[in-house]
Amino acid sequence: MVRFGRAVKLFRSENCRDLVFIGTLVRPALSEIRLDWGTLRVIAACGRRSRGGDDHLLSGIGRILEQDGFRMVGIRDVAPDLLMPEGCITRAAPDQSAAADIARGRDVLRASVRSISVRPRL
């Protein structure tokens, strides 16, 4: 059930100033949205941001919460031990062929991210 205004009131009543997003994003069905004043205030902005994928939507919600006076904190700041360490995490390191595939995949990813980020908005 989504009640944005109620959530903000709860955060404030508990003297919460810092927020961390963790877990998965479950988009509510329209029938699950309960329209309080806070939800009415942000629903259009959330609708626009939902077209950009989950990360875009979460970032947008984070910006709305920051405008309401909260501080978004990254998981790296509060629980860095939950993140994957850099490097190989198994006993068997990638062989030369796998390392070449990984390098090629990174190049393709970099190129696709660059092409998406410079695409003009219509």
Cβ-Cβ under 8 Å pairs, at least 6 apart or on other chains, the range 65-91 side among the basic types (Lys, Arg), far side assigned to a strand (DSSP E or B): Arg71/Asp18; Arg71/Leu19
Residues of the range 57-101 classified as over 28 Å from Leu10 (Cα atoms) and surrounded by 10 or more Cβ atoms within 10 Å (Cβ to Cβ), total: 6
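Every read-out reported here was derived from the displayed coordinates using simple, explicitly stated rules and does not represent laboratory data. Small disclaimer: the values here were computed from a predicted structure and weren't measured. Every residue, glycine as well, gets a Cβ built from its backbone with ideal geometry; the counts of neighbours run over all protein chains shown.
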